[in-house]
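Colleague: Sharing a structure, written as structure tokens. Questions coming.
The values are calculated or read from the model by the stated rules, or taken from the named source; none is laboratory data. Computed from a prediction, not measured in an experiment: that's the story for all the values here. Cβ: placed from backbone, ideal geometry, glycine included. Neighbour counts: every protein chain shown.
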Amino acid sequence: MPSPPLVPDDGPFDFDHLKRMTMGDASLEREVLAMFAAQASELIEKIVKMPDNIGELTHKLRGSAEAIGAFRITDAAEWLENMLRDKTDSAEALMTLTDAVLEARAEIDGILKRS
């Protein structure tokens, strides 16, 4: 039987982190999530095209994700950044980042529809 993860996997966001960043203001949380969803969608659309500034775009997405507690995106973006820096095959890292953004967008859409 496999061991449980050291950190529970509760989804694409660390909501405790988000609450700290928004000082517990639920309205601000929704606003921040909506802005992040729009920005993440815009950035991932550009990133998947592998432009010359992909590293810069990936770093921007990583920073935004980290600020709101979207740590799956943060980890995937860091992986992609490392692959790009090392000039190694980044296809799997790019796919993982894309999946993480899609998952976060779905979670955000659900949150915003409930409020």
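Colleague: Please name all residue pairs, on different chains or six or more residues apart, with Cβ atoms under 9 Å, provided the first residue is in the range 38-54 and is surrounded by fewer than 14 Cβ atoms within 10 Å (Cβ to Cβ) and the second residue is among the hydroxyl-bearing types (Ser, Thr, Tyr).
Modeller: Once the first residue is surrounded by fewer than 14 Cβ atoms within 10 Å (Cβ to Cβ) and sits in the range 38-54, its partners that are among the hydroxyl-bearing types (Ser, Thr, Tyr) give Met50/Ser90.
Colleague: Related question: Using the structure shown, decide if Leu97 is over 15 Å from the mean Cα position of the chain (by Cα) and surrounded by 14 or more Cβ atoms within 10 Å (Cβ to Cβ).
Modeller: no
Colleague: Among the residues in the range 8-20, are any among the small types (Gly, Ala, Ser) and modelled with pLDDT of 95 or more?
Modeller: No, the range 8-20 has no match at all.
Colleague: Take the conditions touching a helix residue (DSSP H, G or I) at 6+ places or on another chain (Cβ under 8 Å) and either buried (at least 18 other Cβ atoms within 10 Å of the Cβ) or free of Cβ contacts under 8 Å to residues at least 60 places away in the same chain (or both) and apply them to Ala67. Does it pass?
Modeller: Yes: the conditions hold for Ala67.
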